[in-house]
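A quick write-up on the structure given underneath.
The values are calculated or read from the model by the stated rules, or taken from the named source; none is laboratory data. These numbers were taken from a predicted model, which means no experiment stands behind them. Counting neighbours? That spans all protein chains shown, and the Cβs are built from the backbone with ideal geometry, glycine included.
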Amino acid sequence: MKALARLYVALIIFFLYAPVLVMIFFSFNESSSVWVFTGFSFDWYTGLATDVTMLNALKHTLIVAVLSAVISTVLGTAAAVGITALRNKFSKKIIMSVTQIPMMNADIVTGISLMLLFIFIGKLLGLRESLGFLTVLTAHITFNLPYVILSVLPKLRQTDASLREAALDLGCTPLQAFFKVIMPAISTGIITGFIMAFTLSLDDFVISYFTCGHYQTLPIIIYNMTKKSVTPDTYALSTIIFACVFALLIMYNMLQTKSESKKAAKAQP
Amino acid sequence: MNKKSLGNKLITSPYIVWAAIFIVVPLVIMLYFAFTDPSGAFTAENLSHLGKYKKAFGLSILYAAIATVITLVLAYPMAYFMTKLKISSQRMLLLVVMLPMWMNFLIRTYSWITILANTGIINTLLGKFGIGPVKLMYTPGAVILGMVYDFIPYMILPIYSVMSKLDKSLLEAAEDLGSNSFTKFKRVILPLSRPGVISGITMVFVPSVSTFYISQKLGGNKTLLIGDAIEYLFNLGPDYYNVASALSMVLMVMILICMFIMNRFSDDDDGGVII
Amino acid sequence: MKNENIVELKGISVAFGGEKVLDDFNLEIKDKEFVTLLGPSGCGKTTTLRLIAGFLEPDGGDVIFEGRRINDLPGYKRHVNTIFQRYALFPHLNVYENVAFGLRIKKLPEKEIKAKVTEMLALVNLSGLEKRNIDTLSGGQQQRVAIARAIANHPRVLLLDEPLAALDLKLRKDMQKELKKMQEQLGITFIFVTHDQEEALTMSDRVVVMNNGKIQQVGTPQDIYNEPLNAFVADFIGESNIVDGKMLRDFYVEFSGQRFDCLDKGFEPDEPVDVVVRPEDVDIVAPDKGMLTGVVTSVAFLGVHYEIIVDIGGFKWMIQTTDEHFEGDRVGLYIEPDAIHIMKKSEYSGLYGDYSSYSEEIDHLSDADYGEEDGGE
């Protein structure tokens, strides 16, 4: 039974990674085929370094990801604090329902509805190009916000309400109380929210597709590439991304185990 | 008390304004487009066009439903087995499951072509045994495979997280009361893991039913799903925004209805079937 | 004469969601006094504390501190500090930083902070634990950190919200003594909230018994115990047999079908009254020598004494005695005049003081909830 379970887990993992392995494998192909492996080379990787569109798209992706993650984290954390303090159950319910719309709705609907809004605003302002950097950034902030709010809210709920009062009691102004006491208590939620926002933004294709105009991000470039026949350079790019994410996750995991063992050690009297 | 609520308004209002402009207003605009023609006059004509897309709707729901069921069947044992491992291995495995999610899904989908194509890996292997080539690409099967593959982590993770938080003493209590491992599973683990299953189902079904990339790449031009139709119409230009909006509205309403039904399932506690 | 009240609450009313928590509430607290607000869950005692702390503004009435109205003065500007029910220590700071928190907010020089924190930790017997994390401390130690953190700020008034509720019995007794000593030593006014009557009686200079948002009685522990004003107070503080009676004339009362001499006066002739007799004040004698006779219906051995229930004409009396008796015994009761206490009839008459459902009452008391209180935010 145990062996069978292990086999099953192994099979699922194989299923998850088969395409990834294929991709990594063919990124080292000498020829431009993604079907027939003719020989080993790094050419596609070196080629990437000089591909201006690709590098630009990478830059765009990072700018949008960082900015949207920062803005949605600030806005979302403030909103979560406000929502927690709301006494009116009815307005709380409405705000929470609206907050969940972008998470629950199909990306394509979110993307299209935002596009229609941006075009409408563009027309109002008499712009020639309604879509671009600002619209894709706005769209990303919008779909990031619910994730930030929903990762901060439970932390706030777990935080003893008297912590804030204790801070006020000891002479903090409400603002000081937030930064000195509440923030540290909910920091894991804020960090989780930020990381989620950042990665969601990095990876988003559908919503960017409808809102980015000429400000193309990496997923858009990849989409355009896969529209034509794919060459190993796309695979090479994805392999690099994969390697970066892999390294980040390993680091994150190591940090976590380290801090946990530290905590465990501290708990020993 | 008044001062407190004033400060509260101050920190909540930026978000409320944001949510109103970028969540609510766009949907209202979409609704407006769905019920007007390109000149801006009100009409219900767009909805009458929907008949043309009946097949696309039907296929989308069918494929998404099949993909969701397969995903659930594959993911549930996976999540269950994961909880049986040592904590450190659990965390490792969790990372392993999450890692592909962090990769661009376009590429992940695309690399299946390399595996499934007539000249792809599977057919090359089969060819060595004198079989094939079997047509794997551009079939409904390939589209469903793509959906299962792309979204299976969204099923594994919520089920796993609910199961791993199950109170161990509940299982011990079940054993104490004379359950064998099968009844323990059926009477305790299955009902208690339902919230995870419900959220897994929504997280897989919604992107599956609205996808347009997977069907384009793995289904070729033959399988037109509703996402494809919407994307296609929007790309034709502003004259087609109205029909496309109407289609999006219907898609959204459909998803809402599905979610409503799912929530129904998660509300009653009499242990009925999940699907 | 100089007004020596440090805190005054005048005509306070507070309501949450239309439900009155405090209703025309008046209380004066003197400087350097140890005052306890005592009452069951939901009686408004924590709400009263929060009004003084500044976490809550009254809907009506005035909160006065040293003669100044401070209704709208925010909590962080008041010379009042609080010890919270679950301590509310900051989990991200160590012991030292927790105690230093208020001093840092005041921007005191580092040297002064260090001296003060060291002094405070010595006062609460926690020297040497400066660097410890909060979550590695025991409940008792956390309690001490909370005390050190609050008094480091030299508050004029210290508010304590059921601070000992989470400690086990032995630790609680020790802390009671220590807190009392600390209060006398530091000369700070303590306003202490508890639902534990014994705690209230041992520690306080004055006890304020509250129920349903109203003060039932204010007085020294002795007053409250010996001269309860109504059936609620008599029942809440200690054990009481409360029976219906009739004041025939001054110093002469009738209850349970018999007439008794007593020490109370000032009632109308034949006025209906509540009669309180404490279980320890009743002597058990032979049936023919008793002023009242009845049948023992239950006996419990509590170590110091027996607690027996005696049925007298359908009313169950509780009696504490060091002699052993058995269920079914017929016994006589002898009550001295000074054991009889007469109260005016009140809204609580008839609600308390009968021990017919005694065993259930014990169950009910044993799971007294210290967690939930007032629900005021």
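Inspect all residues belonging to the stretch B:84-94 and state whether any of them is touching a residue at least 24 places away in the same chain (Cβ under 8 Å) and not β-branched (Val, Ile, Thr).
Checking the stretch B:84-94: at least one residue is touching a residue at least 24 places away in the same chain (Cβ under 8 Å) and not β-branched (Val, Ile, Thr).
Considering the stretch C:192-227 alone, what residues qualify as being among the polar types (S, T, N, Q) and within 19 Å of C:Lys345 (Cα to Cα)?
Those that are among the polar types (S, T, N, Q) and within 19 Å of C:Lys345 (Cα to Cα): C:Asn211, C:Asn212, C:Gln216, C:Gln217, C:Asn226.
Identify the residue in the stretch C:254-280 that is within 12 Å of C:Met343 (Cα to Cα) and not hydrophobic (A, V, I, L, M, F, W, C) and, among all such residues, is surrounded by the fewest Cβ atoms within 10 Å (Cβ to Cβ).
C:Gly266
Restricting to the stretch C:52-89, count the residues that are outside any loop (DSSP other than H, G, I, E, B) and within 14 Å of chain A (Cβ to nearest Cβ).
Going through the stretch C:52-89 one residue at a time, the tally reaches 9.
Against the condition without any contact (Cβ under 8 Å) to a residue 24 or more places away in the chain and loosely packed, with under 15 Cβ neighbours inside 10 Å, how does C:Lys170 come out, does it pass?
yes
Read through the list (1) within 14 Å of another protein chain (Cβ to nearest Cβ); (2) touching a helix residue (DSSP H, G or I) at 6+ places or on another chain (Cβ under 6 Å), then give the number of the only condition that B:Leu224 fails.
(1)
When only residues in the stretch C:98-123 that are more than 14 Å from chain A (Cβ to nearest Cβ) and among the charged types (D, E, K, R) count, which is surrounded by the most Cβ atoms within 10 Å (Cβ to Cβ)?
Selected residue: C:Lys114.
Could you tell me whether B:Tyr149 is more than 11 Å from chain A (Cβ to nearest Cβ), aromatic (Phe, Trp, Tyr) and either within 23 Å of A:Thr199 (Cα to Cα) or within 25 Å of the chain's Cα centre (by Cα) (or both)?
no
Just the residues that are facing chain A (nearest Cβ under 7 Å) and not in a helix (DSSP H, G or I), please, taken from the stretch B:85-97.
The answer is none; no residue qualifies.
For A:Leu150, indicate whether it is buried (at least 23 other Cβ atoms within 10 Å of the Cβ) and closer than 30 Å to A:Ile195 by Cβ.
So A:Leu150 fails the test.
The conditions are (1) more than 11 Å from chain A (Cβ to nearest Cβ); (2) surrounded by fewer than 18 Cβ atoms within 10 Å (Cβ to Cβ); (3) assigned to a loop (DSSP other than H, G, I, E, B), and C:His92 fails exactly one of them. Which is it?
Condition (1) is where C:His92 drops out.
Give the residue that is nearest to C:Gln183 (Cα to Cα), with candidates limited to residues of the stretch C:6-51 that are assigned to a loop (DSSP other than H, G, I, E, B) and under 16 Å from the mean Cα position of the chain (by Cα).
C:Glu33
Can you tell me which residues in the stretch C:265-304 are without any contact (Cβ under 8 Å) to a residue 40 or more places away in the chain and over 30 Å from C:Glu347 (Cβ atoms)?
The answer is C:Val295, C:Val296, C:Val299, C:Ala300, C:Phe301, C:Leu302, C:Gly303, C:Val304.
Pull out all pairs, ordered by first then second residue, where Cβ-Cβ is under 7 Å, the residues are six or more apart or on different chains, the first lies in the stretch A:187-199 and is of a type in the set (Val, Ile, Thr), and the second is modelled with pLDDT of 90 or more.
A:Thr188/A:Lys155; A:Ile190/A:Thr73; A:Ile190/A:Thr77; A:Ile190/A:Val152; A:Thr192/A:Ser151
Can you work out which of the residues in the stretch B:114-126 that are more than 8 Å from chain A (Cβ to nearest Cβ) and part of a helix (DSSP H, G or I) is surrounded by the most Cβ atoms within 10 Å (Cβ to Cβ)?
B:Leu116
(1) modelled with pLDDT of 90 or more; (2) surrounded by 22 or more Cβ atoms within 10 Å (Cβ to Cβ): which one isn't true of C:Leu56, the others all being true?
C:Leu56 satisfies all of (1) modelled with pLDDT of 90 or more; (2) surrounded by 22 or more Cβ atoms within 10 Å (Cβ to Cβ) except (1).
Identify the residue in the stretch A:150-195 that is in contact with a Leu (Cβ under 9 Å, 6 or more places away or on another chain) and away from chain C (no Cβ under 11 Å) and, among all such residues, is nearest to C:Arg149 (Cα to Cα).
Only one residue tops the list, namely A:Gly189.
Out of (1) at pLDDT below 90; (2) facing another protein chain (nearest Cβ under 9 Å), what's the single condition that is false for A:Ile13?
Unmet condition: (1).
Among the residues of the stretch B:180-231, count how many are free of Cβ contacts under 8 Å to residues at least 60 places away in the same chain, touching a Leu at 6+ places or on another chain (Cβ under 8 Å) and aromatic (Phe, Trp, Tyr).
Here the count works out to 1.
Out of C:Leu201, C:Leu229, C:Leu292, which single residue is over 22 Å from the mean Cα position of the chain (by Cα) and not polar (S, T, N, Q)? Give the derivation first.
Values: C:Leu201 fails: over 22 Å from the mean Cα position of the chain (by Cα); C:Leu229 fails: over 22 Å from the mean Cα position of the chain (by Cα).
Only one candidate passes the filter, namely C:Leu292.
Residues are listed down the side, and each one gets a yes or a no for (1) surrounded by fewer than 20 Cβ atoms within 10 Å (Cβ to Cβ); (2) part of a helix (DSSP H, G or I); (3) in contact (Cβ under 8 Å) with a residue 12 or more places away in the chain:
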{"position": "B:Thr12", "(1), (2), (3)": "no, yes, no"}
{"position": "B:Lys52", "(1), (2), (3)": "yes, yes, no"}
{"position": "B:Ala64", "(1), (2), (3)": "no, yes, yes"}
{"position": "B:Thr68", "(1), (2), (3)": "no, yes, yes"}
{"position": "B:Pro77", "(1), (2), (3)": "yes, yes, no"}
{"position": "B:Met82", "(1), (2), (3)": "no, yes, yes"}
{"position": "B:Leu99", "(1), (2), (3)": "yes, yes, no"}
